[in-house]
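Comments concern the structure below.
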Amino acid sequence: MNPAISTQSLSKRFGRTVAVDGLNLTVPEGAIYALVGANGAGKTTIIKVLMNIFPPTAGRADVLGINSRKLAGKAFTRIGYVSENQEMPDWMTVGAMLDYFRAFYPQWDRTLEQQLIRQFDLPLKRKLKHLSRGMKMKAAFASSLSYRPALIVLDEPFSGLDPLVRDELIEGLIERAPETTIFLSSHDLAEIETFSSHVGYLERGRLLFSEEMSVLANRFREVTVTLESPSPLPGNLPDSWLQPQTADCVLRFVHSDFNEESSPRELAERFPSARDVSFDPMSLRAIFLAVAKSARDRASSGQDHAAIKENAA
Amino acid sequence: MKQILHIFAKDARRFWPEILLSLAITVAFVRLYANQWLPLDTSGRSQAGVGMVQSLSQRFAVALVFLVPLSWWLLISRVIHAERLIGTTQFWLTRPYEWKKLLAAKLIFLLAFLYLPIFIAQCLILVAAGFHPFLYLPGLLYNLLLITGYLVLPLVALASVTSNFARMTLTLLGIFLCIACIFAVALFVGSPGASTPNQGHVPLILALCLCLSVIAVQYATRKVWHARLLLFAFPVLFFCIGAVIPDRVSIERAYPQPANGAGAQPQLEYRPDPHILYGAYSLPAGNRMGIAVPIQATGIAEGDLLILDDVRVAIEAPGGFRWDSAWQSLYGNLHLPVDKKVTANFTMPGAVYKKLKNLPLRVHLTFASTQARAVKATTVPFSGREVTGPDFGICSTALLPLGSVAANIEFSCRSALREAPLTHVSVAWSDPHCAQPQPEPWQGVQNIGWRGAIESDPAQFGISPVVVERFSLTNTGGYLQLQRVPSSCPLPAVTFTQYKLVGRTQTGLSINDYHLPAHQ
């Protein structure tokens, strides 16, 4: 099965700023892929490169089998794109906008359009410029889902929306999920966790991980080791142990490579005198925070090392 | 095609106020521009309401000539910026728009709401001016091509590399400011440039190619800096090349030296008139002095004409000092039919003038000259109504008495789409059949005027398809010695003699022992 989106060593620079750095990403067909990351991580840039709004500086991206640089015209009849900061034809009414877009898509499904209008309770006669942000986003969703696109790309679609609108939009998306691939960027980890099948974590333009949600959930565990007596943080901890810290007799860390069989054995060998070891599943938010903090710690310690080397030199 | 029409319909629905404004201005332009060639009111009522209304309406019509392109500016900006090509957040970037169809939709919009109205407007103005539009169809189409190359496409190109009307306006103002500065500097620096003959279609082709390239690059790739570079760098480059290449190159090419064995050429002679004081005069720009040299041509065949376009001066002074000028325009050109005397003016730096003013000089003037030949002469009686000169256009005329003895015939002439071909207009005032006795000396005064251009395209660039020119021929004789026109005499006849280009060459005139005139 061909991936819906794939990138090879994709980079994008703006002057001296590296927004995306050697990205290798694969979004399988039929997936609901959530790209998460802090502000400025490069999520929007990646989406704009995928949509051929920006040209890549290096590497390449393929969207539905088409080189992103050649993505234009008819290719967009199979792609639905909604962005939080996308300009809409504000002077049109919702009905006029749907009428206008309808003519561009041979496969436009009027029944689905009517269904979405009802589902989102869209006021057809009101101009877009007079709609609330949530309503405007619903209108954008309706105009991007009505032609049953093979790929839906959403850039921060839920940002700044109230929970009711978010739920309505997510519901609308989930209904489309069986027939499409959804690629979205978001900060809203709680919502993403409820419906995403895949997740990728972006940090300063680099993809730190990208995998199925279930695999990720199985891979990360919050580990608590209760020792017999207080002891300092042991040295030479594995790289997969994130954010290790001790307090009295308790050692806590996030295991980023947890295996139900080998991990308990490994811990038992490392801490033979441990009174108790617990492995707690983590929420996506907790995983996200652990990975983000760990990456920043590593980056700052790397900078410190570099500074020490420079001083020594 | 469906997508093209769909985008077009969307734009037409959205921009109806701008379309309406543009159409209203065009309608007003058609309605009022016909006043431009109304005959002058010579009845003395011009101070009263009717004359004032006529004058105001004529001024407003002139304003409309500028308002029409201004309305296009707004229309072009709005329609191009509706799917602006700069930015990353426009809705249409991720919709199935095809750039060729988008561009085609915009062009159809301009065809429908800019070209069609102005074409109809121009036809109506031609009809109002007494010209049949179908006879001038090639000229009308050529005029639209000129409007496209020099106005519409530059505006479309500018709109395609800017993000909104305000930025486009600022850019345009910046361009105008740069051009004004360049002209101001050129004027201040002083030395008048040469007037070279029509460059043919080269500027139009360059403008069309440049604008189309910018538009195509921007629509196809949205690489805005490439398009901006193309739009601004190439004109600057052409300007720099034009500034670096001296006038000499283009003049030498346009006016070749007479070939050996060529037939008899007209000769120029230095013929000062003892009754006239030829003085040197100061020019405000660049501390230069203007010098007038009286000349007369001989050897011009009957019916031929020598036109002096530019002059180059070489002055040798005792002691080996030599000053050479660049080619300078003889503003307005000097027309020399048989035995006509004219004054050729050139300028020189004030410092050189001071150094040479009291010395006996050897002066060599080289003229870039054009030879023309009369091809058609038509005499029409002056009846106080409109007269039509063949190929010249239609003139409304009025006899305007100047005191008791003098009179002017005021001409308000209009030609279709371009300046008339070079025409010699003459009026013979004497009338042998006049009932009243004519006082001596009454030899009849023939007053003449040169109008039109020796060469021209099927149309000249302009919003209006009618070129209006006013001039007057008086019955005053040479040096303002008035001749009488008995009021009961029939009105004189007007003769239009049309000239055609024969060739261009350089003609020399050497003057020995010349003294620069004293400063006036």
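Amide H contacts for A:SER83 (H built 1.01 Å from N in the peptide plane; partners 5 or more residues away or on another chain; cut-off under 5 Å): A:ASP155.
With the simple model of a label 7 Å out from the Cα in the direction of the Cβ, A:THR26 to A:GLU228 spans 4.8 nm.
A straight chain from B:LYS376 to B:VAL236 at 0.36 nm per residue would run longer than the Cα-Cα distance by 46.0 nm.
Reported to the nearest whole Å, the Cα centre-to-centre distance from the stretch A:1-75 to the stretch B:144-181 is 36.
Spin-label model, A:SER273/B:VAL62: points 7 Å from Cα along the beta carbon direction are separated by 10.6 nm.
Selection among A:SER143, A:PRO163, A:GLY95 by position relative to the dipole of chain A gives A:GLY95 as farthest towards the positive end (Cβ unit charges, Cα centre). Between B:THR343 and B:VAL27, the C-beta separation translates, for a Förster distance of 35 Å, into a calculated FRET efficiency of about 0.15. Taking other Cβ atoms within 10 Å as a rough exposure proxy, B:LEU305, B:LEU399 sort from fewest to most as B:LEU399, B:LEU305. Please check: in the Gaussian network model of chain A (C-alpha springs, under 10 Å), which one of A:ILE174, A:ILE32, A:ILE47 has the largest mean-square fluctuation. Maximum among the listed residues: A:ILE174.
The HN-Hα couplings worked out from phi for the stretch A:91-98 by the Karplus form 6.51 cos²θ - 1.76 cosθ + 1.60 (θ = phi - 60°) are 6, 8, 7, 4, x, 5, 5, 5 Hz, whole numbers, x standing for Gly and Pro. For chain A, the relative contact order works out to 19 percent when only alpha carbon pairs closer than 8 Å and six or more residues apart are counted.
Couplings 3J(HN,Hα) for the stretch A:134-144, derived from phi with the Karplus relation 6.51 cos²θ - 1.76 cosθ + 1.60 (θ = phi - 60°), are x, 5, 4, 5, 5, 5, 5, 4, 4, 6, 9 Hz, where x marks Gly and Pro. Relative contact order for the stretch A:162-313: 22 percent, from Cα pairs under 8 Å spaced at least 6 residues apart, divided by residue count. Quick check: net charge around B:HIS515, other residues with Cβ under 15 Å of its Cβ, Lys/Arg +1 and Asp/Glu -1? Residues near B:HIS515 contribute +2 overall. Counting only Cα atoms, the protein assembly as shown measures 142, 71, 51 Å along its principal axes, largest extent leading.
Based on Cα contacts under 8 Å between residues 6+ apart, the stretch A:79-166 shows a relative contact order of 50 percent.
Straight-line reach from B:LYS340: taking Cα to Cα under 23 Å and skipping same-chain neighbours fewer than 8 places apart, the lysines in range are B:LYS376, B:LYS500. Taking the fewest neighbouring Cβ atoms within 10 Å as the starting point, the ordered list for B:TRP327, B:TRP92, B:TRP225 is B:TRP225, B:TRP92, B:TRP327. Each other residue within a Cβ distance under 13 Å of A:LEU184 adds +1 if Lys or Arg and -1 if Asp or Glu, for a net charge of -3.
Per-residue ellipticity at 222 nm for the protein assembly as shown, helices alone: DSSP H runs ≥ 4 residues times -39500 (n - 2.57), over residue total, nearest 500 deg cm²/dmol? Here the helix-only value at 222 nm equals -11500 deg cm²/dmol. In this structure the amide hydrogen of A:ILE152, modeled in the peptide plane, comes within under 5 Å of the amide hydrogens of A:GLY80, A:THR181, A:ILE182, A:PHE183, none closer than 5 places in sequence on its chain. Highest average first, the peptides A:229-238, B:463-472 ordered by how many other beta carbon atoms sit within 10 Å of their residues are B:463-472, A:229-238. Peptide B:86-93 is shielded by partner chain Cβ atoms: per residue, an average of 6 of them sit within 10 Å of its Cβ. Peptide A:64-76 has a mean of 2 when you count, residue by residue, the C-beta atoms of other protein chains within 10 Å of its C-beta. Shown for A:PHE76, B:PHE239: other C-beta atoms within 10 Å of each C-beta, ranked fewest to most, produce the order B:PHE239, A:PHE76. Neighbours of B:GLN506 by Cβ distance under 13 Å: Lys/Arg scored +1, Asp/Glu scored -1, total +1. A Cβ-based charge dipole, computed about the Cα centre of the stretch B:66-208 with Lys and Arg at +1 and Asp and Glu at -1, lands at about 360 debye. With viscosity 1.306 mPa s and temperature 10 °C, the Kirkwood radius over alpha carbon pairs of chain A converts through Stokes-Einstein to a diffusion coefficient of 73 µm²/s.
Across the stretch A:257-273, coupling constants 3J(HN,Hα) worked out from phi with the 6.51/-1.76/1.60 Karplus curve, θ = phi - 60°, read 9, 6, 9, 4, 8, 7, 5, x, 5, 4, 5, 5, 5, 6, 10, x, 9 Hz, and Gly and Pro carry x. Amide hydrogen proximity for B:ALA280: with H placed 1.01 Å from N in the peptide plane, the residues at 5 or more positions away or on another chain lying under 5 Å are B:ALA518, B:HIS519, B:GLN520. Dipole magnitude for the protein assembly as shown: about 1540 debye, using +1 per Lys or Arg Cβ and -1 per Asp or Glu Cβ, origin at the Cα centre.
Read-outs throughout are calculated quantities, based only on the coordinates presented, and are distinct from any laboratory measurement. All values derive from a computational prediction rather than experimental measurement. As a convention, Cβ positions derive from the backbone with ideal geometry for all residues, glycine included, and neighbour counts pool all protein chains shown.
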